[in-house]
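Everything on this sheet refers to the single structure shown next.
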């Protein structure tokens with residue numbers, strides 16, 4: 001219901017005057033919001049308030065504030081309660097009504113409903129389930145073995161949804177059609193992606209339907225999607241990851257989930273949350289590696305330290321990043337050798353931090369070495385080699401060596417478009433860097449053309465509030481400024 005309609009329904013069911021005292025009016029507004037503007041829940045709440053008011057006589061009204069307090073402490077019992085509606089004579093409670101629909105569903109559709117009820121109630125992306133199935137509902141990275149019995153949850157996901165995206169699509173379509181027919185879910189399509197929504201009251205009921213824990217299965221779906229192959233779905237995961245983090249405070253969240261969620265949060269610009277998770281994982285791994293003296297644990301600890309350092313870097317905390325990165329590089333050289341890919345990555349990360357600290361000569365020295373090793377080991381067209389060239393370009397740029405920068409940037413952009421595609425975030429960064437060089441050379445028309453394309457694609461892929469999108473808008477505004485187009489610059 002709309003807000004005004006919901007309030008009117010609540011007051012009518014409670015047989016109260018439409019002129020509520022200020023405190024009651026505020027309580028009613030809070031209550032209808034918590035009930036999600038659901039008509040049946042509002043009527044039942046109003047009837048409940050009316051019935052309890054009759055116990056105390058005219059001077060003893062059971063207020064909306066009282067109902068709200070009772071709702072927050074004993075939601076399930078209240079949602080089961082029902083009295084005959086003064087509006088339409090309906091006698092069943094909210095949960096009883098849901099149960100009638102639920103019992104009409106085939107068993108697999110019931111399980112699907114209970115699974116999706118363990119995500120955030122809005123914007124549940126069907127792509128998430130397809131991606132997870134393609135990964136076999138497995139952890140993208142195993143830092144610590146899962147507890148005994150976890151494999152059962154994975155097997156149940158496979159049995160429910162299938163083993164690949166095409167199989168999942170068929171099963172989802174059948175389940176969604178069934179759930180929509182009973183108004184248990186609704187769907188929307190945004191940019192060719194299908195999303196499910198469910199009412200928060202229906203969600204609360206579904207989570208309490210049985211003792212079986214579909215929450216573990218939902219968590220595993222999310223974790224399976226936190227994979228570097230699936231960056232296109234990251235922004236659709238945020239609300240669901242944040243809900244799981246709120247539900248699983250403290251040590252209850254498994255280390256594999258923490259590291260997986262931290263990756264997505266970092267890549268979507270939620271650096272503070274990512275740092276918190278990486279910090280917890282690093283602390284746990286350090287304790288375990290000290291206890292067990294296991295080389296694999298030591299290497300995993302170094303990887304998480306490197307991930308935390310990268311997050312610090314993205315967050316602009318360069319001194320903290322440098323300290324960790326220097327330590328990571330030293331340990332990798334000692335354990336893995338100078339030409340191991342992980343050692344080269346560590347050198348590249350430290351160089352990037354030197355760059356951001358304005359220590360360009362130190363950055364250039366490391367970057368030249370990284371580029372030489374990557375060309376030798378990986379070849380000229382490997383993404384990591386191209387990234388090394390892009391990093392060196394940025395240093396040349398800040399040293400004012402724009403001719404050398406442009407030559408490398410053109411090569412980087414051409415290779416990224418060819419290998420990664422025009423809409424990959426790394427391709428967009430390459431185009432933005434070349435545009436910046438054109439700007440420093442006074443070639444503003446060429447810069448503008450690239451920057452417009454970068455901004456449009458960033459908004460589409462990363463969303464309007466991602467740091468890279470904001471940066472793209474700022475770069476285009478600066479170009480408009482240099483072109484004397486101050487109105488367009490001001491707007492951006």
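The values are calculated or read from the model by the stated rules, or taken from the named source; none is laboratory data. Computed from a prediction, not measured in an experiment: that's the story for all the values here. When we count neighbours, we look across all protein chains shown, and the Cβ atoms used for this are built from the backbone with ideal geometry, even at glycine.
Observations, loosely collected:
- Selection status of residue 422, touching a residue at least 40 places away in the same chain (Cβ under 8 Å) and under 27 Å from residue 232 (Cα atoms): no
- Residues satisfying the stated conditions in the stretch 98-115, i.e. within 13 Å of residue 178 (Cβ to Cβ), in contact with a helix residue (DSSP H, G or I) (Cβ under 8 Å, 6 or more places away or on another chain) and not in a loop (DSSP other than H, G, I, E, B): 102, 108, 109, 110, 111, 112, 113
- Every test in (1) in the same structural domain as residue 283 (by TED's automatic domain parsing); (2) surrounded by 15 or more Cβ atoms within 10 Å (Cβ to Cβ); (3) more than 30 Å from residue 283 (Cβ to Cβ) is passed by residue 381 save one, and that test is (2).
- Filter pass, residue 426 being modelled with pLDDT under 90, under 16 Å from residue 472 (Cβ atoms) and outside the structural domain of residue 306 (by TED's automatic domain parsing): yes
- Members of the stretch 230-241 that are more than 13 Å from residue 133 (Cβ to Cβ) and in contact with a helix residue (DSSP H, G or I) (Cβ under 8 Å, 6 or more places away or on another chain): 231, 232, 234, 236, 237, 238, 240, 241
- Every residue from the stretch 1-54 that is part of a loop (DSSP other than H, G, I, E, B) and closer than 18 Å to residue 75 by Cα: 35, 36, 37, 38
- Meets criteria (under 15 Å from residue 93 (Cβ atoms), in contact (Cβ under 8 Å) with a residue 60 or more places away in the chain, in contact with a helix residue (DSSP H, G or I) (Cβ under 7 Å, 6 or more places away or on another chain) and buried (at least 23 other Cβ atoms within 10 Å of the Cβ)) for residue 42: no
- Any chance residue 388 is buried (at least 21 other Cβ atoms within 10 Å of the Cβ) and either closer than 22 Å to residue 315 by Cα or not assigned by TED's automatic domain parsing to the domain that holds residue 314 (or both): yes
- Residue list for the stretch 370-384, filter: modelled with pLDDT under 95 and within 26 Å of residue 317 (Cβ to Cβ): 384
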